[in-house]
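Below is one structure, written out as structure tokens, with a few remarks after it.
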Amino acid sequence: MRQVLSRHWAWALLACPLAVSAAEAAATLTLLEGAATLVRGVTRYALAEGVRLQAGDILEVGDKALAEIEFTDGAALTLGPKTRALARSLARSKAAQGDFYVPQGVMKVARVAPAARLRFVSPLFAIQPEQGSAVLLVGGAEESVFVEGGSLRLGATRARGAAAAPLQLGTGQFFTGANLQRGSVGSRLSPAFVAALPKLFLDPLPSRLARFKDRAAQPRALDTVSYAEVETWLKAPPEFRGPMLARFRSRIDDEQFRAALVANLRFHPEWDPVLFPEKYEPKVPDAPPRPPEKRP
């Protein structure tokens, strides 16, 4: 398979010039093949090359599509078919990190410099590339990570009993498993992992950020989101679904959205006070009984 995804990728990518400008947006969609959508606020949009991303944006890549995001520090994130990602934070500094929740999909993160702070949280793992390039396959009963070059830190997002120590993976290492304790680390990629990779993941993609430096595109509005279109995010782990309450609160006026919230309340109980505020109103104490009147 092109010499195990060609370990030369990472070093070729790291040699690319970095586009750094404080005036630019933190992240820009620079490549789109096929259809992908963006949920911003309560509106769903059709994505286009040149769209500047914002914290809170939800990205959903079509079944046969591919999208690449480039950051101003030079890092690049490519999302493969059927990938869904929430950009909780796009801040890129020593005090903050680009933080993504990815419930499903296949991704390639490349050109990660040693000072970069990126984190991807999946249903099973917290994945933090430290340098170089890596490919991630997440969302199934087992998840896989391949470090093409550089290093990556892999931690558990949920564990029974004592939390397992994070794994440190280096160039050429491949991890697959449902948890850190029973996962396997080796150099041979699994057939399922190889089959899931888009062809464009096999070669380094050149940076296209410079062509969008002075021309930002606007996404095309499609519709207001339904419950089904944001259900994954309303049922996300608490740290990611928390902000969804304020974000989608205005949608409770929609009869169908409200009914779906009520039907699925056990998955997002924080909505209960919003849906049924009367349950949380302070109770007025009963008036004490009046003493019997004395007859003259």
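Before moving on, here are some points about what is shown:
- Only Lys, Arg, Asp and Glu carry charge here, each on its Cβ (+1 for the first two, -1 for the last two); on that basis the chain has a dipole of about 460 debye about its Cα centre.
- Most mobile listed residue (Ser190, Ser133, Ser207) in the chain, GNM with C-alpha springs under 10 Å: Ser190
- Estimated FRET transfer efficiency (Thr157, Arg188; beta-carbon r; R0 35 Å; 0.05): 0.85
- Our estimate of slack between Arg211 and Val42, defined as 0.36 nm per intervening residue step minus the Cα-Cα distance, is 57.9 nm.
- Label assignment, Rg and Dmax of the Cα atoms in Å derived from the structure, set (i) 18.8, 63; (ii) 23.4, 108; (iii) 27.9, 91: (ii)
- Simple label model, 7 Å out from Cα along Cβ direction - Ala246 to Glu231, nm: 2.7
- Prolate/oblate/rounded call for the range 227-280, Cα gyration tensor, a/c under 1.5 rounded: oblate
- Prolate/oblate/rounded call for the range 165-260, Cα gyration tensor, a/c under 1.5 rounded: oblate
- Local electrostatic count at Val39 - Lys and Arg +1, Asp and Glu -1, tallied over other residues with Cβ under 11 Å: 0
- Think of the range 227-280 as having a plus end and a minus end, set by charges on the Cβ of Lys, Arg, Asp and Glu; of Ser250, Tyr280, Ala263, Tyr280 sits farthest toward the positive end of this dipole.
- Efficiency of FRET from Cβ geometry, Gln181 and Glu278, R₀ 45 Å, rounded to 0.05: 0.45
- If you run the Gaussian network model on the chain, springs between alpha carbon atoms under 10 Å, then out of Ala55, Ala228, Ala35 the most flexible one is Ala228.
- Shape of the range 21-80, Cα gyration tensor, a/c cut at 1.5: oblate
- Net charge of Cβ neighbours under 12 Å - reference Phe257; Lys, Arg +1; Asp, Glu -1: -2
- Among Ser226, Ser122, the ranking by other beta carbons within 10 Å of each residue's beta carbon, starting with the fewest, stands as Ser226, Ser122.
- Inter-part distance, the range 113-157 to the range 185-199, computed on C-alpha centroids, equals 15 Å.
- Within the range 91-248: Cβ-based charge dipole about Cα centre, in debye rounded to nearest 20 (Lys, Arg +1; Asp, Glu -1): 380
Only the coordinates and a few stated rules stand behind these numbers; no lab work does. The model shown is predicted, which means the values in this text are computed figures rather than measured ones. Methodologically, a virtual Cβ is constructed for each residue, glycine included, from the backbone with ideal geometry; neighbour enumeration extends over all protein chains shown.
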